[in-house]
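Peer 1: Submitted below is the structure of interest, expressed as C-alpha coordinates.
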Amino acid sequence: MPVSWRYLGGRLLTGLVAVWGAITLVFFALYSTGNPAVLLVPPNAPRDEIDRLTRLMGYDQPLPLQYAKFLGNVFTGHFPDSIRYGSSPVGIALAKVPASFALGGTALALGVLLGGLIGYVSATARSPLLRRGPLAAAVGLEAVPTFFIGILLVMAFAVGLGWFPAVTDGADASGIVLPALTLAIAFVPVIARVFRTALLDVLQAEHIRTARAKGLPRRVIILRHVVANALGTTLNVVGIQAGVLLGGAVVTESVFSWPGIGQLSINAVQNRDYPLVIVCVLVIAAGFVLINLLVDMLAALVEPRLRS
(Lines give C-alpha, C1' and ligand atoms only; values in the text may rest on other atoms or scores of the structure.)
Protein backbone atom coordinates (compact mmCIF):
# COMPACT_ATOMS: atom_id res chain seq x y z
CA MET A 1 0.00 0.00 0.00
CA PRO A 2 1.60 3.33 -1.09
CA VAL A 3 0.19 5.18 1.94
CA SER A 4 0.52 3.35 5.26
CA TRP A 5 -2.29 2.84 7.76
CA ARG A 6 -0.17 4.63 10.36
CA TYR A 7 -0.02 7.69 8.11
CA LEU A 8 -3.80 7.62 7.55
CA GLY A 9 -4.49 7.00 11.24
CA GLY A 10 -2.39 9.97 12.29
CA ARG A 11 -4.12 12.27 9.82
CA LEU A 12 -7.56 11.01 10.86
CA LEU A 13 -6.82 11.42 14.57
CA THR A 14 -5.63 14.97 13.99
CA GLY A 15 -8.81 15.68 12.07
CA LEU A 16 -11.05 14.32 14.81
CA VAL A 17 -9.31 16.50 17.39
CA ALA A 18 -9.84 19.50 15.11
CA VAL A 19 -13.57 18.71 14.77
CA TRP A 20 -13.92 18.33 18.54
CA GLY A 21 -12.14 21.63 19.13
CA ALA A 22 -14.31 23.48 16.61
CA ILE A 23 -17.65 22.30 17.95
CA THR A 24 -16.53 22.79 21.55
CA LEU A 25 -15.59 26.40 20.89
CA VAL A 26 -18.94 26.99 19.20
CA PHE A 27 -20.82 25.35 22.07
CA PHE A 28 -19.30 27.63 24.70
CA ALA A 29 -19.61 30.69 22.44
CA LEU A 30 -23.32 30.02 21.99
CA TYR A 31 -23.77 29.37 25.69
CA SER A 32 -22.34 32.80 26.46
CA THR A 33 -24.94 34.56 24.27
CA GLY A 34 -27.85 33.80 26.58
CA ASN A 35 -30.98 31.69 26.76
CA PRO A 36 -32.50 30.91 23.31
CA ALA A 37 -35.87 30.14 24.93
CA VAL A 38 -36.45 33.89 25.12
CA LEU A 39 -36.80 33.97 21.32
CA LEU A 40 -39.63 31.44 21.33
CA VAL A 41 -42.04 33.49 23.41
CA PRO A 42 -43.66 36.89 22.81
CA PRO A 43 -41.85 39.92 24.24
CA ASN A 44 -44.50 40.31 26.95
CA ALA A 45 -44.52 36.62 27.96
CA PRO A 46 -44.54 35.92 31.70
CA ARG A 47 -41.39 34.69 33.38
CA ASP A 48 -43.03 31.36 34.18
CA GLU A 49 -43.43 30.58 30.50
CA ILE A 50 -39.78 31.38 29.78
CA ASP A 51 -38.69 29.16 32.68
CA ARG A 52 -40.90 26.32 31.43
CA LEU A 53 -39.36 26.44 27.96
CA THR A 54 -35.89 26.69 29.47
CA ARG A 55 -36.45 23.50 31.47
CA LEU A 56 -38.02 21.78 28.46
CA MET A 57 -34.98 22.56 26.30
CA GLY A 58 -32.52 21.60 29.05
CA TYR A 59 -30.87 24.99 29.35
CA ASP A 60 -31.50 25.14 33.10
CA GLN A 61 -29.02 22.31 33.74
CA PRO A 62 -25.41 22.92 34.88
CA LEU A 63 -22.95 23.72 32.12
CA PRO A 64 -20.89 20.48 32.47
CA LEU A 65 -24.07 18.44 32.17
CA GLN A 66 -25.17 20.39 29.11
CA TYR A 67 -21.75 19.87 27.54
CA ALA A 68 -21.80 16.12 28.25
CA LYS A 69 -25.27 15.87 26.73
CA PHE A 70 -24.07 17.89 23.76
CA LEU A 71 -21.14 15.50 23.15
CA GLY A 72 -23.54 12.59 23.41
CA ASN A 73 -25.71 14.17 20.70
CA VAL A 74 -22.66 14.63 18.49
CA PHE A 75 -21.56 10.99 18.83
CA THR A 76 -25.05 9.58 18.30
CA GLY A 77 -26.15 12.06 15.65
CA HIS A 78 -29.37 12.86 17.52
CA PHE A 79 -29.82 16.59 18.01
CA PRO A 80 -32.74 18.61 19.36
CA ASP A 81 -35.08 20.00 16.72
CA SER A 82 -34.20 23.30 15.12
CA ILE A 83 -35.71 26.18 17.07
CA ARG A 84 -36.72 27.98 13.89
CA TYR A 85 -37.71 25.10 11.59
CA GLY A 86 -39.07 22.68 14.19
CA SER A 87 -37.42 19.62 12.62
CA SER A 88 -34.12 17.76 12.77
CA PRO A 89 -31.24 20.17 12.01
CA VAL A 90 -29.20 17.37 10.44
CA GLY A 91 -31.46 17.09 7.41
CA ILE A 92 -31.71 20.85 7.08
CA ALA A 93 -27.92 21.30 7.05
CA LEU A 94 -27.19 18.34 4.77
CA ALA A 95 -29.72 19.63 2.22
CA LYS A 96 -27.54 22.75 1.81
CA VAL A 97 -24.26 20.88 1.36
CA PRO A 98 -24.62 20.15 -2.40
CA ALA A 99 -25.02 23.86 -3.18
CA SER A 100 -21.93 24.71 -1.12
CA PHE A 101 -19.94 21.90 -2.73
CA ALA A 102 -20.95 23.11 -6.19
CA LEU A 103 -19.87 26.66 -5.39
CA GLY A 104 -16.67 25.59 -3.63
CA GLY A 105 -15.71 23.08 -6.32
CA THR A 106 -16.18 25.62 -9.11
CA ALA A 107 -14.23 28.26 -7.19
CA LEU A 108 -11.47 25.76 -6.41
CA ALA A 109 -11.12 24.77 -10.06
CA LEU A 110 -10.93 28.41 -11.15
CA GLY A 111 -8.50 29.30 -8.37
CA VAL A 112 -6.16 26.38 -9.02
CA LEU A 113 -6.18 27.10 -12.75
CA LEU A 114 -5.47 30.83 -12.39
CA GLY A 115 -3.09 30.47 -9.43
CA GLY A 116 -1.18 27.60 -11.03
CA LEU A 117 -0.84 29.50 -14.30
CA ILE A 118 0.43 32.64 -12.53
CA GLY A 119 2.86 30.61 -10.41
CA TYR A 120 4.13 28.72 -13.44
CA VAL A 121 4.69 31.87 -15.49
CA SER A 122 6.35 33.66 -12.56
CA ALA A 123 8.85 30.82 -12.10
CA THR A 124 9.63 29.85 -15.69
CA ALA A 125 9.10 32.91 -17.91
CA ARG A 126 12.17 34.48 -19.48
CA SER A 127 10.71 38.01 -19.50
CA PRO A 128 11.11 39.96 -16.21
CA LEU A 129 7.71 41.56 -16.79
CA LEU A 130 5.98 38.17 -16.99
CA ARG A 131 7.89 36.88 -13.99
CA ARG A 132 6.82 39.76 -11.75
CA GLY A 133 3.71 41.40 -13.19
CA PRO A 134 1.00 38.70 -12.83
CA LEU A 135 2.18 37.67 -9.36
CA ALA A 136 2.29 41.29 -8.17
CA ALA A 137 -1.27 41.83 -9.42
CA ALA A 138 -2.47 38.67 -7.67
CA VAL A 139 -0.81 39.63 -4.39
CA GLY A 140 -2.37 43.08 -4.66
CA LEU A 141 -5.83 41.52 -4.88
CA GLU A 142 -5.11 39.64 -1.66
CA ALA A 143 -5.37 42.93 0.24
CA VAL A 144 -8.93 43.53 -1.03
CA PRO A 145 -11.72 42.07 1.18
CA THR A 146 -13.68 39.25 -0.42
CA PHE A 147 -17.05 40.92 0.01
CA PHE A 148 -15.74 44.06 -1.73
CA ILE A 149 -14.54 41.99 -4.69
CA GLY A 150 -18.01 40.46 -4.86
CA ILE A 151 -19.65 43.88 -4.84
CA LEU A 152 -17.34 45.10 -7.63
CA LEU A 153 -18.14 42.03 -9.74
CA VAL A 154 -21.87 42.58 -9.20
CA MET A 155 -21.61 46.23 -10.21
CA ALA A 156 -19.57 45.41 -13.32
CA PHE A 157 -21.11 42.19 -14.66
CA ALA A 158 -24.61 42.15 -13.16
CA VAL A 159 -25.66 45.80 -12.92
CA GLY A 160 -23.46 47.30 -15.64
CA LEU A 161 -23.30 44.63 -18.34
CA GLY A 162 -26.21 42.45 -17.25
CA TRP A 163 -24.37 39.24 -18.11
CA PHE A 164 -25.04 37.42 -14.82
CA PRO A 165 -27.64 37.71 -12.06
CA ALA A 166 -26.70 39.68 -8.95
CA VAL A 167 -28.43 37.19 -6.64
CA THR A 168 -29.52 33.63 -7.25
CA ASP A 169 -31.44 30.77 -5.70
CA GLY A 170 -29.09 28.21 -7.25
CA ALA A 171 -31.54 27.08 -9.93
CA ASP A 172 -29.90 29.09 -12.73
CA ALA A 173 -26.46 27.78 -13.71
CA SER A 174 -25.26 31.30 -14.61
CA GLY A 175 -25.82 32.38 -11.02
CA ILE A 176 -22.76 30.46 -9.85
CA VAL A 177 -20.29 32.42 -12.00
CA LEU A 178 -19.91 35.60 -9.92
CA PRO A 179 -19.79 33.98 -6.44
CA ALA A 180 -17.36 31.31 -7.69
CA LEU A 181 -15.13 33.94 -9.28
CA THR A 182 -15.22 35.97 -6.06
CA LEU A 183 -14.03 33.01 -4.01
CA ALA A 184 -11.44 32.00 -6.60
CA ILE A 185 -9.85 35.44 -6.66
CA ALA A 186 -9.52 35.31 -2.88
CA PHE A 187 -7.09 32.38 -2.85
CA VAL A 188 -5.37 32.69 -6.25
CA PRO A 189 -2.40 34.54 -4.62
CA VAL A 190 -1.83 31.69 -2.15
CA ILE A 191 -1.74 29.04 -4.87
CA ALA A 192 0.43 31.22 -7.10
CA ARG A 193 3.03 31.95 -4.41
CA VAL A 194 3.30 28.38 -3.17
CA PHE A 195 3.48 26.87 -6.64
CA ARG A 196 6.07 29.43 -7.74
CA THR A 197 8.24 28.74 -4.68
CA ALA A 198 7.97 24.99 -5.17
CA LEU A 199 8.93 25.30 -8.84
CA LEU A 200 11.95 27.47 -8.04
CA ASP A 201 13.11 25.00 -5.38
CA VAL A 202 12.88 22.08 -7.79
CA LEU A 203 14.67 24.03 -10.53
CA GLN A 204 17.73 24.21 -8.25
CA ALA A 205 17.75 20.46 -7.56
CA GLU A 206 20.59 18.19 -8.65
CA HIS A 207 18.50 15.99 -10.93
CA ILE A 208 17.33 19.05 -12.88
CA ARG A 209 20.92 20.13 -13.49
CA THR A 210 21.69 16.58 -14.58
CA ALA A 211 18.75 16.62 -17.00
CA ARG A 212 20.00 19.89 -18.47
CA ALA A 213 23.49 18.48 -18.82
CA LYS A 214 22.08 15.55 -20.78
CA GLY A 215 20.57 17.99 -23.26
CA LEU A 216 16.88 17.38 -22.55
CA PRO A 217 14.61 20.06 -24.04
CA ARG A 218 13.59 22.79 -21.58
CA ARG A 219 9.89 22.07 -22.12
CA VAL A 220 10.37 18.39 -21.21
CA ILE A 221 12.39 19.28 -18.09
CA ILE A 222 9.76 21.76 -16.88
CA LEU A 223 6.67 19.66 -17.51
CA ARG A 224 7.97 16.17 -16.74
CA HIS A 225 10.40 16.80 -13.89
CA VAL A 226 9.87 20.25 -12.36
CA VAL A 227 6.07 20.53 -12.31
CA ALA A 228 5.58 16.91 -11.23
CA ASN A 229 7.92 17.33 -8.25
CA ALA A 230 6.36 20.64 -7.22
CA LEU A 231 2.81 19.29 -7.06
CA GLY A 232 3.12 17.61 -3.65
CA THR A 233 3.67 20.80 -1.67
CA THR A 234 1.08 22.70 -3.69
CA LEU A 235 -1.56 20.01 -3.18
CA ASN A 236 -1.35 20.44 0.59
CA VAL A 237 -2.17 24.12 0.22
CA VAL A 238 -4.98 23.29 -2.21
CA GLY A 239 -6.43 20.90 0.38
CA ILE A 240 -6.45 23.59 3.05
CA GLN A 241 -8.07 26.07 0.67
CA ALA A 242 -10.66 23.48 -0.39
CA GLY A 243 -11.66 22.92 3.21
CA VAL A 244 -11.80 26.65 3.85
CA LEU A 245 -14.07 27.11 0.83
CA LEU A 246 -16.69 24.81 2.34
CA GLY A 247 -17.17 26.95 5.42
CA GLY A 248 -15.36 30.13 4.52
CA ALA A 249 -17.85 31.11 1.83
CA VAL A 250 -20.22 32.50 4.45
CA VAL A 251 -19.81 36.14 3.41
CA THR A 252 -19.86 35.35 -0.30
CA GLU A 253 -22.99 33.23 0.01
CA SER A 254 -24.65 36.05 1.90
CA VAL A 255 -23.67 38.67 -0.70
CA PHE A 256 -25.04 36.61 -3.59
CA SER A 257 -27.87 34.88 -1.63
CA TRP A 258 -26.39 31.52 -2.56
CA PRO A 259 -28.45 28.77 -0.87
CA GLY A 260 -25.54 26.98 0.80
CA ILE A 261 -24.58 25.98 4.29
CA GLY A 262 -22.71 29.26 4.81
CA GLN A 263 -25.84 31.35 4.45
CA LEU A 264 -27.76 28.83 6.56
CA SER A 265 -25.15 29.24 9.31
CA ILE A 266 -25.54 33.03 9.26
CA ASN A 267 -29.31 32.75 9.58
CA ALA A 268 -28.99 30.20 12.39
CA VAL A 269 -26.62 32.46 14.36
CA GLN A 270 -28.91 35.46 13.90
CA ASN A 271 -31.87 33.43 15.17
CA ARG A 272 -29.79 31.87 17.98
CA ASP A 273 -30.89 28.50 16.70
CA TYR A 274 -28.38 26.52 18.81
CA PRO A 275 -29.05 23.02 17.41
CA LEU A 276 -28.80 24.21 13.80
CA VAL A 277 -25.63 26.23 14.45
CA ILE A 278 -23.94 23.22 16.05
CA VAL A 279 -24.88 20.91 13.17
CA CYS A 280 -23.71 23.44 10.57
CA VAL A 281 -20.34 23.75 12.30
CA LEU A 282 -20.10 19.97 12.62
CA VAL A 283 -20.82 19.45 8.91
CA ILE A 284 -18.32 22.14 7.87
CA ALA A 285 -15.60 20.82 10.20
CA ALA A 286 -16.14 17.22 9.10
CA GLY A 287 -16.04 18.27 5.46
CA PHE A 288 -12.83 20.20 6.07
CA VAL A 289 -11.19 17.16 7.68
CA LEU A 290 -12.29 14.72 4.97
CA ILE A 291 -11.17 17.00 2.15
CA ASN A 292 -7.77 17.52 3.75
CA LEU A 293 -7.40 13.78 4.39
CA LEU A 294 -8.07 13.01 0.72
CA VAL A 295 -5.66 15.70 -0.42
CA ASP A 296 -2.99 14.47 2.03
CA MET A 297 -3.30 10.98 0.58
CA LEU A 298 -3.03 12.32 -2.95
CA ALA A 299 -0.02 14.48 -2.03
CA ALA A 300 1.69 11.49 -0.37
CA LEU A 301 1.15 9.44 -3.50
CA VAL A 302 2.63 12.19 -5.66
CA GLU A 303 5.56 12.91 -3.33
CA PRO A 304 6.44 10.07 -0.91
CA ARG A 305 8.68 12.36 1.18
CA LEU A 306 5.55 14.02 2.59
CA ARG A 307 4.53 10.79 4.36
CA SER A 308 7.16 11.44 6.99
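The values are calculated or read from the model by the stated rules, or taken from the named source; none is laboratory data. A quick note: this is a predicted structure, and the numbers were derived from the prediction, not measured. Note: ideal-geometry Cβ built from the backbone for every residue, glycine included; neighbour counts use all protein chains shown. Heavy atoms of the whole protein, side chains included, go into the accessibility calculation; ligands, DNA and RNA do not. Shrake-Rupley method; radii C 1.70, N 1.55, O 1.52, S 1.80 Å.
Peer 1: Quick check: net charge around Ala138, other residues with Cβ under 14 Å of its Cβ, Lys/Arg +1 and Asp/Glu -1?
Peer 2: Taking every Cβ under 14 Å from that of Ala138, the sum is +3.
Peer 1: Continuing with the same structure: Give me the distance in nm between label points sitting 7 Å out from Cα along the Cα-to-Cβ direction at Glu142 and Asn267, one decimal.
Peer 2: Each label point is offset 7 Å from its Cα along the Cβ direction, giving 3.5 nm.
Peer 1: Continuing with this model, one more query. Extension gain Val167-Leu71, at 0.36 nm per residue separation less the Cα-Cα distance, in nm?
Peer 2: 30.8 nm
Peer 1: Note the full-extension length gain between Leu113 and Tyr31 as 0.36 nm times their separation in residues minus their Cα-Cα distance, in nm to one decimal.
Peer 2: This chain segment gains 25.3 nm when fully extended.
Peer 1: Then there is this: Just to make sure I understand: if all protein chains stay in place, what is the order of Val194, Val202, Val159 by accessible area at 1.4 Å, largest first?
Peer 2: Reading off the accessible areas and sorting them downward yields Val159, Val194, Val202.
Peer 1: Just by accessible area at a 1.4 angstrom probe, what is the order of Glu253, Glu206, Glu49 from largest to smallest?
Peer 2: Glu206, Glu49, Glu253
Peer 1: Counting only the heavy atoms of the protein chains, how much of Trp258 is accessible to a 1.4 Å probe, in Å² to the nearest 10?
Peer 2: About 10 Å², rounded to the nearest 10.
Peer 1: List the relative contact order of the range 102-183 as a percent without decimals, with contacts defined as Cα pairs under 8 Å and 6+ residues apart.
Peer 2: The value is 35 percent.
Peer 1: On average, how much accessible surface per residue is there in the range 92-206, in Å², for a 1.4 Å probe, leaving out ligands, DNA and RNA?
Peer 2: 50 Å²
Peer 1: Efficiency by 1/(1 + (r/R0)^6): what FRET value for Ala213 and Ser127, r their Cβ-Cβ distance, R0 = 35 Å, to the nearest 0.05?
Peer 2: 0.85
Peer 1: Further, regarding this structure: How do Ser32, Ser82, Ser257 stack up against each other in accessible area, from largest to smallest, with a 1.4 angstrom probe?
Peer 2: Ser32, Ser257, Ser82
Peer 1: So, one more: Run the simple label-point estimate for Leu152 and Thr197 please: 7 Å along Cα→C-beta, distance reported in nm.
Peer 2: Using points 7 Å along Cα→Cβ, the separation is 2.5 nm.
Peer 1: Rounded to a whole number, what % of the accessible area of the range 73-143 do carbon and sulfur atoms account for, probe 1.4 Å?
Peer 2: Solvent-exposed carbon and sulfur of the range 73-143 make up 69 percent of the total.
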